[in-house]
Amino acid sequence: MKIYTPLKALLSIGMIVGLSFSANAHRAWIVPSTTNLSGDAPWVTFDAAVSNSLFVPEHVPLRMKGLMVQDPTGKLIEAVNAHTGKYRSTFDLNLVTEGTYKIGYASGGLRASWKDKEGKRKRWPARGKEANAADFATEVPKSADSLKVSDSYRRLETFVTSGEPTDKVFEPTNSGLELIPVTHPNDLFVGEAAKFKFLFHGEPAAGVKLAIVKGDTRYRNDQNQIDVVTDAKGYVSITWPEAGMYLIEAEYEDDKAKAPATMRTGSYGATFAVLPL
Amino acid sequence: MNRNILFSIALLLTLALSTVFSGVSNAASNQLLIEVEIPRMNVAEYHRPYVAIWLEDSNRKATQIALWYDLDMKDNEGAKWLKDIRQWWRRIGRKAEQPFDGLTSATKGAGKHTISVDLNAKELKALAAGDYQLRIEASREVGGKEVVNIPLTWPIKASDYPLKASGNSELGDVLIQVN
């Protein structure tokens, strides 16, 4: 996807806590074995990875640390049978409560990058370190070459439903870029239009750029990426051309940041299954 | 509160309409006979299909007619694949408790199977007059999935019948008669 320069710089140096990017072309994803389930307390299994090819684990796994699972009542529950391998993490969920579950990561806060006197690229927080806002003033210089300070948020999620889809897990947290469904993500069908609303810090997010790509990219020559942008009220509508598992990536940026940040950024990624009729 | 009142009004209207229109229908039409053919498959691994039959109004409001699935498996394991009757699962299955009393039975093998629908059943009596689709969906493990849609008008008018339709893969001939 096209990511313009400031964000690209941030992503390329792996600023985003919780997800390890080594190149901006890599895509993070969590893919459920099934999105809609029936029967008593069904099980579902997940793969979580960062890769170029969708949805082929071929680069690095997403780590289990920071993974959050919300049950249909909004309660946080633990994933089980977790294993992190060379290329992917896998884990299972037993859907004992009927309704929609949210599985994902969310992180964000102040981020900075600059060049020191030797021209060496620096960033805050440093790789592998957590951003502790109290340390910002002492660890980030007031002025430096190429100093960029942003209020940056990242979210990655997917959803599975046992029985009838429910909405509790879509209550906004008002932090970072969030998707609020008009059409439920576990109720998507080929040829039908799906509508979603995006919020940034709880406010409708206009101009969010979405890049949507169906999985199995290695079995075709073109990415067939769908590009759409949210309207003034934060809404976007997508008509699914084919059934399959899709990765939705969304990027938002504005200059309404509070000092010391000069910009606010939000990225959102989700995997949605589109079913055949 | 308002919603309750609206709901009551809607219910009263529905009841009133169905009372009015039930007088129009042929008094002799008590049963709808639906004959569904499950085709014989020349395959190495054959599982009898899961089949759902339902009525859907123009607003996609659904009324269950029949459901054939593996209801006798240990721990109701057979319910695990109900979601694969995809359209039915979306319209009605995921909203309801299975099995449907009196409407659910075991899966059926190749051949013609007839179900009789009591038109005097409470759920059907309550249906508003209008255009409906009778939808028959079959989903077979390690096999395909097919939906046959048969447009019909409610209340049933005997002179419109029999109705015929047929599937291409997972369903064979469908014959609907009034008795």
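The values are calculated or read from the model by the stated rules, or taken from the named source; none is laboratory data. Predicted model, so just to flag it, every value in this text is computed and none were measured. So basically every Cβ, Gly included, is an ideal-geometry build from the backbone, and we count neighbours across all protein chains shown.
Picking from A:E157, A:E178, which residue would you name as being of a type in the set (D, E, K, R) and closer than 24 Å to A:A243 by Cβ?
The match here is A:E157.
Looking only at the stretch A:232-277, which residues are touching a Ser or Thr at 6+ places or on another chain (Cβ under 9 Å) and of a type in the set (D, E, K, R)?
A:E249, A:E251, A:E253, A:D254, A:D255, A:R264
Can A:G202 be described as small (G, A, S) and in contact with a Gly (Cβ under 7 Å, 6 or more places away or on another chain)?
no
Looking at (1) charged (D, E, K, R); (2) part of a helix (DSSP H, G or I); (3) touching a residue at least 12 places away in the same chain (Cβ under 8 Å); (4) within 14 Å of another protein chain (Cβ to nearest Cβ), which one does B:R94 not meet, given that it meets all the others?
(3)
For the stretch A:121-195, which fully contained strands (runs of 3 or more DSSP E) count at least 3 residues that are within 14 Å of another protein chain (Cβ to nearest Cβ) and out of contact with any Lys or Arg (no Cβ under 7 Å at 6 or more places or on another chain)?
Strands (runs of 3 or more DSSP E) meeting the threshold: A:145-162.
Could you list all residues from the stretch A:244-255 that are in contact with a Gly (Cβ under 9 Å, 6 or more places away or on another chain) and either assigned to a loop (DSSP other than H, G, I, E, B) or under 13 Å from A:F272 (Cα atoms) (or both)?
A:G244, A:M245, A:Y246, A:L247, A:I248, A:E249
If a residue has to be buried (at least 18 other Cβ atoms within 10 Å of the Cβ) and without any contact (Cβ under 8 Å) to a residue 60 or more places away in the chain to count, how many in the stretch B:116-149 make the cut?
Qualifying residue count for the region: 1.
Matching residues to (1) out of contact with any helix residue (DSSP H, G or I) (no Cβ under 9 Å at 6 or more places or on another chain); (2) at pLDDT below 70; (3) among the aliphatic types (A, V, I, L, M); (4) assigned to a helix (DSSP H, G or I):
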residue: B:I9; (1), (2), (3), (4): yes, yes, yes, yes
residue: B:V24; (1), (2), (3), (4): yes, yes, yes, no
residue: B:A27; (1), (2), (3), (4): yes, yes, yes, no
residue: B:Y46; (1), (2), (3), (4): yes, no, no, no
residue: B:R60; (1), (2), (3), (4): no, no, no, no
residue: B:F100; (1), (2), (3), (4): yes, no, no, no
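When the stretch B:31-80 is examined, which residues are found to be more than 21 Å from B:L163 (Cβ to Cβ), within 13 Å of chain A (Cβ to nearest Cβ) and touching a residue at least 40 places away in the same chain (Cβ under 8 Å)?
If the condition is that a residue be more than 21 Å from B:L163 (Cβ to Cβ), within 13 Å of chain A (Cβ to nearest Cβ) and touching a residue at least 40 places away in the same chain (Cβ under 8 Å), then B:Y50 is the only one that fits.
Which ones in the stretch A:223-254 are acidic (D, E) and either under 22 Å from A:P32 (Cα atoms) or at pLDDT below 95 (or both)?
A:E242, A:E249
Starting from the stretch A:106-132, keep only residues that are of a type in the set (G, A, S), then list their pairs with residues that are exposed (fewer than 11 other Cβ atoms within 10 Å of the Cβ) and not in a loop (DSSP other than H, G, I, E, B) whose Cβ atoms are within a distance under 7 Å, requiring at least 6 positions of separation or different chains.
Qualifying pairs under 7 Å: A:G109/A:A133.
Scanning the stretch B:97-126 for residues that are in contact with a Ser or Thr (Cβ under 9 Å, 6 or more places away or on another chain) and among the aliphatic types (A, V, I, L, M), which turns out farthest from the other protein chains (Cβ to nearest Cβ)?
B:L119
Pairs only if they're at least six apart or on different chains, beta carbon under 8 angstrom, first in the stretch A:215-243 and exposed (fewer than 10 other Cβ atoms within 10 Å of the Cβ), second modelled with pLDDT of 95 or more and part of a loop (DSSP other than H, G, I, E, B); list them, first residue then second.
A:A232/A:A206
Go through the stretch A:130-167 residue by residue and tally those that are farther than 26 Å from A:G207 by Cα and modelled with pLDDT of 95 or more.
Number satisfying all stated conditions: 7.
If a residue has to be of a type in the set (A, V, I, L, M, F, W, C) and within 14 Å of another protein chain (Cβ to nearest Cβ) to count, how many in the stretch A:31-65 make the cut?
Looking only at that region, the number is 4.
State which residue is nearest to B:N42 (Cα to Cα) when the search covers only the stretch B:155-175 and only residues that are assigned to a strand (DSSP E or B) and of a type outside the set (D, E).
Top of the filtered list is B:S166.
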